[in-house]
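Structure first, then comments.
The values are calculated or read from the model by the stated rules, or taken from the named source; none is laboratory data. Only a predicted model underlies this, so the values are computations on that prediction, with no experimental measurement involved. Positions of Cβ are backbone-derived with ideal geometry, glycine not excepted, and every protein chain shown enters the neighbour counts.
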Amino acid sequence: MDAFAALERVENAKAEILFCGHTHQPYIRELANGSIAVKVKNSGSKDIQKKEMNLPMRRIVNAGSVGEPRHGGTKATYVVYNDITNDVKIREVEYDIELTCKAIINAGLPPIFAWRLKNGFEFAERAEDASHVCER
């Protein structure tokens, strides 16, 4: 996401810190002293007004993922937020990947899901047959 879109989303949420997910990639992005400039033309007028909004520092925090991490490793990630100090920390923890892979296969899910988890999401496109990763 480019800086403009990120800043716009945080401002629209009316939040100093916006927590989000879905990408499975943990990060903390700080948008310091951002501004949004727009040109506005009222209907029936030829005049164009330029409006600029200066914003204080905002942060976007993505907690990552407990399952199917996509940050180049197999550890689960989560966020610890201190609402008094506004301190945000991303933590990583190991979990039993083999057990999880077996559960994926036993549930009848596509074997590529287990292969992807075991080897890291960035390599999934190279797997032709992922059934060898976890056997029943």
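Tell me which strands (runs of 3 or more DSSP E) are completely within segment 1-106 and hold 2 or more residues being over 30 Å from Leu117 (Cβ atoms), modelled with pLDDT of 85 or more and of a type in the set (Lys, Arg), or say none if there are none.
none
For segment 65-78, how many residues meet the condition of being of a type in the set (D, E, K, R) and either in contact (Cβ under 8 Å) with a residue 40 or more places away in the chain or in contact with a helix residue (DSSP H, G or I) (Cβ under 9 Å, 6 or more places away or on another chain) (or both)?
2
For segment 36-64, which positions are more than 19 Å from Asn12 (Cα to Cα) and either free of Cβ contacts under 8 Å to residues at least 12 places away in the same chain or in contact with a Lys or Arg (Cβ under 6 Å, 6 or more places away or on another chain) (or both)?
Within segment 36-64, Lys41, Asn42, Ser43, Gly44, Ser45, Lys46, Asp47, Ile48, Gln49, Lys50 meet the criteria.
Cβ contacts < 9 Å: first residue closer than 12 Å to Ile17 by Cα, restricted to segment 79-92; second residue polar (S, T, N, Q) and exposed (fewer than 13 other Cβ atoms within 10 Å of the Cβ), any location; separation 6+ or different chain. Result?
If the second residue must be polar (S, T, N, Q) and exposed (fewer than 13 other Cβ atoms within 10 Å of the Cβ), the pairs left are Val88/Asn82.
So in segment 54-113, with the set limited to residues that are aromatic (Phe, Trp, Tyr) and surrounded by fewer than 16 Cβ atoms within 10 Å (Cβ to Cβ), which one is nearest to the chain's Cα centre (by Cα)?
Tyr78
Of the residues in segment 84-107, how many are among the basic types (Lys, Arg) and not assigned by TED's automatic domain parsing to the domain that holds Gln25?
Number satisfying all stated conditions: 1.
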